[in-house]
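The values are calculated or read from the model by the stated rules, or taken from the named source; none is laboratory data. Keep in mind the model is a prediction, meaning the values are calculated, not measured. Here the Cβ is made from the backbone with ideal geometry for all residues, glycine too, and neighbour counts use every protein chain on show.
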There are 2 protein chains.
Amino acid sequence: MQPIFVLVRPQMGENIGAAARAMANFGLDNMRIVAPRDGWPNPKAVAMASGAGRLLDAAMVTEDTAAALADCTTVYATTARPRGLTKRVLTPEAAMGEASAKIAAGERVAVLFGPERAGLENDDIARANAIISVPVDPGYASLNLAQCALLTAYEWRRQTAEITADRVDYAKTEPATGVEVEKLAEHYEAQLDAAGMFYPEAKAEGMKVTLRNLWSRMPLTRADVQLLHGIMRQMVRWKERG
Amino acid sequence: MQPIFVLVRPQMGENIGAAARAMANFGLDNMRIVAPRDGWPNPKAVAMASGAGRLLDAAMVTEDTAAALADCTTVYATTARPRGLTKRVLTPEAAMGEASAKIAAGERVAVLFGPERAGLENDDIARANAIISVPVDPGYASLNLAQCALLTAYEWRRQTAEITADRVDYAKTEPATGVEVEKLAEHYEAQLDAAGMFYPEAKAEGMKVTLRNLWSRMPLTRADVQLLHGIMRQMVRWKERG
């Protein structure tokens, strides 16, 4: 189960479509629409949704907010500014973490998004159990409907999907093994020794340690190791040609 | 210090302006622009930036990516798809966490964003120390330039600003104290007893416990408590008028 995104009295069809795309990017597909200004279906919403049209086809459209929330047990209202209503105010992160726990416990969770120009009315916000407020810079707050939906959907996926935060893409190769790096180090050390690199004698050992440390610091792949062997072989061949 | 957002060969002025707004929302103001297709300055970028125009005025514009990165020590490249380059791939969350640590240690960090249609070229990506990939639903990935900048900027602020994740906005009131809730419970209990609510006798104690538990479960404010006293007083007055 997922949170339901409820667009309340949205004005521009383009923004409804953009909100559908934002949801689809993060795997959400349950949208409801309350009293869209330009009626429904809306061709501009469909054009903008490009590929996320199935959300619009499946969207429940209602006349008022109460009908859209009839089966919901927890409701969050997104709003940028304080409203003179005593209410919990959560970041998208805290709200989607809480929503995930509530949904796991069998609740049906909705998130209200207001119309573009003025945002939600207090009458809608009073129906919500808590407010979601994106922590924008107080000196510059200009998130639109689709951006607010994007950030909320992102937080849902970030906290519920199995995501690997830090991985390596190996392009047709794999990490070099210890013995491969060791042989590379030996190859370079031997040839550089022959080339007279480790001079004067007193500094030789320090230079060798620095060079070995360079190889071990690098996240080398097998392909890197082959390329580095090739570079050294080529320099030796060049020298031998005289 | 903050990460520098570098837009590489951006096409539409509107998207440059939208990226500036996305950055400004999360307190970022250091933008660089590499070879903008339609030249610079760009009136459409300025029109879209509405309020974030200072980022565009201050933006460094360069002819190539190398010039934009000349003073940077760590570079991230945003890209949606694998590129056949062996490279670390981070979520925006992991990357901005790492960037924050690197900046604190004195590094200068840049994030590359590619042109709208095709994204960054491999030549640009090869300059980056790691890739940032937004964990979108693999079945539907359609983030645009400004959305990618928005999510990256959001993660920067989420992990570096002092943000209260869960708070309560008190509208001209404050939480009720224990003694206030206790007196409310006593008021209701006494009047409901007089009204004959706690009947039959055998169930009276259980009903009283349930009622007390109701008050303590509610996050009542002083204003709520006054309103609830007023409700009960009014019902009693109404009854006494006969």
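Things to note:
- Counted residues, the stretch B:135-183 - those being of a type in the set (Gly, Ala, Ser), surrounded by fewer than 17 Cβ atoms within 10 Å (Cβ to Cβ) and either under 18 Å from the mean Cα position of the chain (by Cα) or under 25 Å from A:ALA130 (Cα atoms) (or both): 4
- Applying the condition of being surrounded by fewer than 15 Cβ atoms within 10 Å (Cβ to Cβ) and not in a loop (DSSP other than H, G, I, E, B) to the stretch B:184-195 and asking which residue is nearest to the chain's Cα centre (by Cα) yields B:GLU186.
- Breaking point among (1) within 14 Å of chain A (Cβ to nearest Cβ); (2) buried (at least 23 other Cβ atoms within 10 Å of the Cβ); (3) in contact with a Lys or Arg (Cβ under 8 Å, 6 or more places away or on another chain), for B:MET48: (2)
- Out of B:GLU155, B:GLU93, sole residue that is in contact (Cβ under 8 Å) with a residue 60 or more places away in the chain, under 19 Å from B:ALA18 (Cα atoms), assigned to a helix (DSSP H, G or I) and of a type outside the set (A, V, I, L, M, F, W, C): B:GLU155
- For the stretch B:67-90, a residue qualifies if it is within 14 Å of another protein chain (Cβ to nearest Cβ), in a loop (DSSP other than H, G, I, E, B) and of a type outside the set (Gly, Ala, Ser), and the qualifying residues are B:THR79, B:ARG81, B:PRO82, B:ARG83, B:LEU85, B:THR86.
Table: residues versus (1) closer than 24 Å to A:ASN144 by Cβ; (2) without any contact (Cβ under 8 Å) to a residue 40 or more places away in the chain.
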| residue | (1), (2) |
| --- | --- |
| B:GLY51 | yes, yes |
| B:ALA68 | no, no |
| B:GLU98 | no, yes |
| B:ALA105 | no, yes |
| B:ASP124 | no, no |
| B:VAL136 | yes, no |
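- Complete set of residues in the stretch B:53-108 that are polar (S, T, N, Q) and either surrounded by fewer than 20 Cβ atoms within 10 Å (Cβ to Cβ) or touching an Asp or Glu at 6+ places or on another chain (Cβ under 6 Å) (or both): B:THR62, B:THR65, B:THR73, B:THR74, B:THR86, B:SER100
- Count of residues meeting criterion [within 13 Å of chain B (Cβ to nearest Cβ) and closer than 30 Å to A:VAL225 by Cβ] in the stretch A:142-190: 13
- Hey, B:ARG212 touching a residue at least 12 places away in the same chain (Cβ under 8 Å), in contact with a helix residue (DSSP H, G or I) (Cβ under 9 Å, 6 or more places away or on another chain) and over 30 Å from A:GLY84 (Cβ atoms) or not: yes
- Residue in the stretch B:181-202 that is under 30 Å from A:VAL136 (Cα atoms) and of a type outside the set (Phe, Trp, Tyr) present: no
- Residue match in the stretch A:19-38 (condition: within 21 Å of B:PRO138 (Cβ to Cβ), basic (Lys, Arg) and either within 14 Å of chain B (Cβ to nearest Cβ) or buried (at least 21 other Cβ atoms within 10 Å of the Cβ) (or both)): yes
- Pairs, first farther than 22 Å from B:THR86 by Cα in the stretch A:174-195, second outside any loop (DSSP other than H, G, I, E, B), C-beta under 7 Å, six or more apart: A:HIS187/A:HIS229; A:HIS187/A:MET232; A:TYR188/A:LEU211; A:TYR188/A:MET232; A:GLU189/A:LYS208; A:GLU189/A:LEU211; A:GLN191/A:MET232; A:GLN191/A:VAL236
- Residues of the stretch A:30-60 that are assigned to a loop (DSSP other than H, G, I, E, B) and within 17 Å of A:ASP71 (Cβ to Cβ): A:ASN30, A:ALA59.
- Single condition B:PHE198 does not satisfy, out of (1) assigned by TED's automatic domain parsing to the domain that holds B:MET23; (2) surrounded by 16 or more Cβ atoms within 10 Å (Cβ to Cβ); (3) part of a loop (DSSP other than H, G, I, E, B): (1)
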